[in-house]
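Below you'll find the structure, written out as structure tokens, and then a few comments.
The values are calculated or read from the model by the stated rules, or taken from the named source; none is laboratory data. Just so it is clear, the model here is predicted, and its values are computed rather than measured. Positions of Cβ are backbone-derived with ideal geometry, glycine not excepted, and every protein chain shown enters the neighbour counts. Ligands, DNA and RNA are excluded from the accessible area calculation, which covers all protein heavy atoms including side chains. Shrake-Rupley method; radii C 1.70, N 1.55, O 1.52, S 1.80 Å.
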Amino acid sequence: MVMKIRILKDLLSFYVLQFKCRIILSALDDVKNSDSSTLQDSSVRTSEIPAVHIDTECVSITQQADTPPLRANDIFLAEKAGIESEMDPSDISNVSAANLSMAEVLAKKEELADRLEKANEEAIASAIAEEEQLTREIEAEENNDINIETDNDSDFSASMGSGSVSFCGMSMDWNDVLADYEARETWRQSTSWGDIVEEEPARPPGHGIHMHEKLSSPSRKRTIAESKKKHEEKQMKAQQLREKLREEKTLKLQKLLEREKDVRKWKEELLDQRRRMMEEKLLHAEFKREVQLQAIVKKAQEEEAKVNEIAFINTLEAQNKRHDVLSKLKEYEQRLNELQEERQRRQEEKQARDEAVQERKRALEAERQARVEELLMRRKEQEARIEQQRQEKEKAREDAARERARDREERLAALTAAQQEAMEELQKKIQLKHDESIRRHMEQIEQRKEKAAELSSGRHANTDYAPKLTPYERKKQCSLCNVLISSEVYLFSHIKGKKHQQAVRENSSIQGRELSDEEVEHLSLKKYIIDIVVESAALPEPLKDGEERQKNKKKAKKIKARMNSRAKEYESLMETKNCGSDSPYKAKLQRLAKDLLKQLQVQDSGSWANNKVSALDRTLGEITRVLEKKNVADQIAFQVAGGLTALEHILQVVVPTTNVNTASRIPPKSLCNAINVYNLTCSNCSENCTDVLFSNKITFLMDLLIHQLTVYVPDENNAILGRNTNKQVFEGLTTGLLKVSAVVFSCLIANRPEGNSQPATPKISTQEMKNKPSQGDAFNSRVQDLISYVVNIGLINKLHGCFLSVQGPVDENPKMATFLQQATELLHGMCMLCFAVTRRSYSIFDNNRQDPTGLTSALQATDLAGVLHMLYCVLFHGTISDPSTASPKESYTQNTVQVAIQSLQFFNSFAALDLPAFQSIVGAEGLSLAFRHIASSLLGHCSQVSCESLLHEVIVCVGYFTVNHPDNQVIVQSGRHPTVLQKLCQLPFQYFSDPRLIKVLFPSLIAACYNNRQNKIILEQEMSCVLLATFIQDFVQTPGQADNQSYQPGDYLELANRFPQETWEEARQFFLKKEKK
């Protein structure tokens, strides 16, 4: 209630201040009006403001609980007259006389209005709370039932309900009892029950007997009538008490309802008061806005007057300036005329002086020419005199030299004659000793040969064990067949050959009977295999090879010039296109590429300093970390920023190095890092690989690679090729170049443009086709030029030398293993690219083969670049010569397995490119035996260690080796058991049940056994030929199979790519023939 009184006081003070403010404002706005109208207007406004008067009686009344709250309307009616009497016209003069500004009055009014609004809100909240409290009291009163009990227990419950308890004659409140009980809780917990009993006051003696007698006295017993009467009296008292309580409850409810009604009315008045306050606030804001607008208008009028004054002043100043400028202009023109006249006069004087100077110059020039001619004459005379003296001295010197030469020749002739006589004597003695030594040596060799033939005739009768492929120090020759034999493999392969055995049988016979195989072999080793003492045919070969190299170099230059011209066209075309990427590291890669170019420009021609090398390695490391994320956008951004060009400039420092011992300007480690960045840029990025091809950057890589190989692999005769190869060729830089080239080739194969190299039905004229070649044709021509260039620069021959230099294992030499893997992968990529651009629409078994690149011829001339020789040496480096003590090794390390996989992939790709050439190379003497041992050993390895990729490559390679080739079919069933054919038949059961694995194995079995009854018999011992016939029948019945004539790289699951389709029916009948028997 005190808060309500405070709120009413605030309301009163606010309304008084508001009334004074309105009087002041009206006095300021209506100064011209009369005092009467001012007072009248003030009285009218005063009537709109509710008056509030606080009385002490009101405060005392509101403090009572049962009295309803004051109402603002009553207060307003009670105090209105007092306020009007207090605010007379004299206050207006007092207020106007005050030194209060309008802003302070308005600020004070706003502050009071805020305080009043806040107080009003608090009053409303208080009214709402009081209304809710009254509502709860009314509901509680209505829910309180009147229940009067008539027995003693009801009295106790009534007393408990009233909240009072009588204990030991004392009336105690129930809350006091509870408080006492809780206060004694700690004492009860800490005290035992015995102590509590002992602390209770003791009863007097005889108290129990006294109470028993008192309660058992006959005076306490009542009759039925007395009891009934007493009960009726209790019921009557209870009924009276109920009526009394009900009347009190009704009166209390009426008071509460009236009070609630007053509170609600009070709340509505407060809400109405808040609404009026808001309206007053809005009126005040409108007034304030009008006052501000008037001030703005007044200020604008003052500013406009100032602007007009300034404009007038500026106009006067402009007129004054114009007058001054015009006067200065007249003075300037007058002074300019004077200067012009002065300049003309000076010019005339200068011309006169120049004419005089020229005249003096001509006179001086004539004098100088005369002196020069005189000096020239003197110099000619002096030179003639000097020349004459020189000739005389030269003639004298020549005469002396001829005399000395004559004396020297005479002395030399005498000395030479003496030495010649001594040398002839010495040569005669040496020749005699040499002839005797040769005779003894030949006798010993003959004896050893006979002994070796006797000892080895039984060992290699069936070539069960892998002989050595190491070249002989002195080559052998078959005098009967006139065949050169370079190693033990070639020796026993030739001896087991049909032609040699037939020739031996024709030239030798024992009492008219035919010689056995053992006798033929023994006779061949003893009689027909001889050592070559002097290689007479070795002299013209280097000359022929030199002419061939010169021809290839000229052709390579022409191809490179054509490729460079096309590259310039491509680069000019790409400059017109806006090549961009959405790489998040685009700016960083551009900065790094620029850093590489800056480092190359700053560096001089000498060796790089350590700080320069460190900066280069750091830049390459940052690029590597970005590109290792394998984001194509990053790779393209680096290429567009010129990164590949910068890497080419870095790698160009290798080219001037022509000697192994010459130190490079940049350390090999940095060069390897640059090659690694180049590899990351092109890896799995078709755009960059295509740019490398079309911009002819690939030729730089090939030139750098051939340069490295030339440094470490010297040009040698074919007889000793690979013996002098420097092992440093297997280091990181050459391997990195091979890897980059292989990556580019593989990416070009996977993303070559769609389209056939063969002419299809054109939709445009032939002239337009010539003028605008398709993208596929451009790609094919570039790839053909690239492969031709690689062949003509001699890369195949250099790789051949590298492969022939491998004579041992690669298990403990990972660098050599990596080099061999990348080199064979490069050859595989070249074969696949050559097939893709030359024979893409043809079948493997088509006889119409064209190879404009010369790759097939180069590989055929080098026996598949020596890859088969290398693989044989890698696999059989530990072969034991004694077959009775050990068996061939059939378990290899991972490095060896990877080299084998890459080599077999190269064999299969070359077979797809030119199958007859592959069969003729691998089926030749020496290599056929090596291939048989390789296939048998790898099949044995796959039977012990699971390696599906290697096994599939071996199976496919054996199929290509034997398809439609009877001689090669004999090779796979010869040798120690189990043979290659038997090992194929003994593969796990999945290869005979799984459809995918069946498509891998069965075509090779068909190729190995077709039209070969002996192979078919061996096959029937392991499996039924009906399975092969059913397999062929399934492919014949497959719809669309007959139209599938094209070969796709790695598509080994199609029978048409493994066995000629035109012989399918014949093969099916061949494998069903035994079943009919």
How many residues does the stretch 791-815 contain that are over 15 Å from T862 (Cβ atoms), open to solvent by less than 10 Å² (accessible area, probe 1.4 Å) and not in a loop (DSSP other than H, G, I, E, B)? 0
Condition first: at negative phi, at pLDDT below 90, open to solvent by 60 Å² or more (accessible area, probe 1.4 Å) and more than 26 Å from the chain's Cα centre (by Cα). Can you find one or more residues in the stretch 629-636 that meet it? no
Exactly one of K288, K306, K350 is in a helix (DSSP H, G or I), touching a residue at least 40 places away in the same chain (Cβ under 8 Å) and not small (G, A, S), and that one is K288
Positions within the stretch 1025-1049 being modelled with pLDDT under 90, polar (S, T, N, Q) and either closer than 30 Å to I749 by Cβ or surrounded by 14 or more Cβ atoms within 10 Å (Cβ to Cβ) (or both), in sequence order: T1038, Q1041, N1044, Q1045, S1046, Q1048
Show the residue pairs that are 6+ apart or on different chains and have beta-carbon atoms under 9 Å apart, the first residue being within the stretch 107-135 and open to solvent by less than 40 Å² (accessible area, probe 1.4 Å), the second being among the small types (G, A, S) and in a helix (DSSP H, G or I). L112/S13; L116/S13
Could you pull out the residue among T681, T624 that is within 16 Å of the chain's Cα centre (by Cα), closer than 18 Å to F700 by Cβ, at pLDDT 90 or above and part of a helix (DSSP H, G or I)? T681
All but one of (1) more than 30 Å from N848 (Cα to Cα); (2) at pLDDT below 90 hold for E1054, so report the exception by its number. (1)
If you check R188 against the conditions, is it touching a residue at least 60 places away in the same chain (Cβ under 8 Å) and either assigned to a helix (DSSP H, G or I) or on the phi > 0 side of the Ramachandran plot (or both)? no
Result of the Cβ filter at 8 Å on the stretch 312-339, keeping first residues that are touching a residue at least 40 places away in the same chain (Cβ under 8 Å) and hydrophobic (A, V, I, L, M, F, W, C) and partners that are in a helix (DSSP H, G or I) and open to solvent by less than 90 Å² (accessible area, probe 1.4 Å), at least 6 apart or interchain, is none
Right, I666: under 15 Å from H649 (Cβ atoms), hydrophobic (A, V, I, L, M, F, W, C) and assigned to a loop (DSSP other than H, G, I, E, B) or not? yes
Subset of the stretch 909-931, residues in a helix (DSSP H, G or I) and open to solvent by 20 Å² or more (accessible area, probe 1.4 Å), comes to P916, S920
Residue in the stretch 890-908 that is out of contact with any Leu (no Cβ under 8 Å at 6 or more places or on another chain), under 25 Å from A1056 (Cα atoms) and either open to solvent by less than 20 Å² (accessible area, probe 1.4 Å) or modelled with pLDDT under 85 (or both) present: yes
Show the residue pairs that are 6+ apart or on different chains and have beta-carbon atoms under 7 Å apart, the first residue being within the stretch 1051-1069 and within 11 Å of V963 (Cβ to Cβ), the second being open to solvent by 20 Å² or more (accessible area, probe 1.4 Å) and at pLDDT 90 or above. P1060/N964
Tell me whether the stretch 279-290 contains one or more residues that are over 30 Å from D114 (Cβ atoms) and either within 60 Å of the chain's Cα centre (by Cα) or open to solvent by less than 90 Å² (accessible area, probe 1.4 Å) (or both). no
Checking the condition within 32 Å of the chain's Cα centre (by Cα) and open to solvent by 10 Å² or more (accessible area, probe 1.4 Å), which residue from T838, T824, T818 passes? T818
For the stretch 944-969 the number of residues that are surrounded by fewer than 17 Cβ atoms within 10 Å (Cβ to Cβ) and either part of a helix (DSSP H, G or I) or free of Cβ contacts under 8 Å to residues at least 12 places away in the same chain (or both) is 6
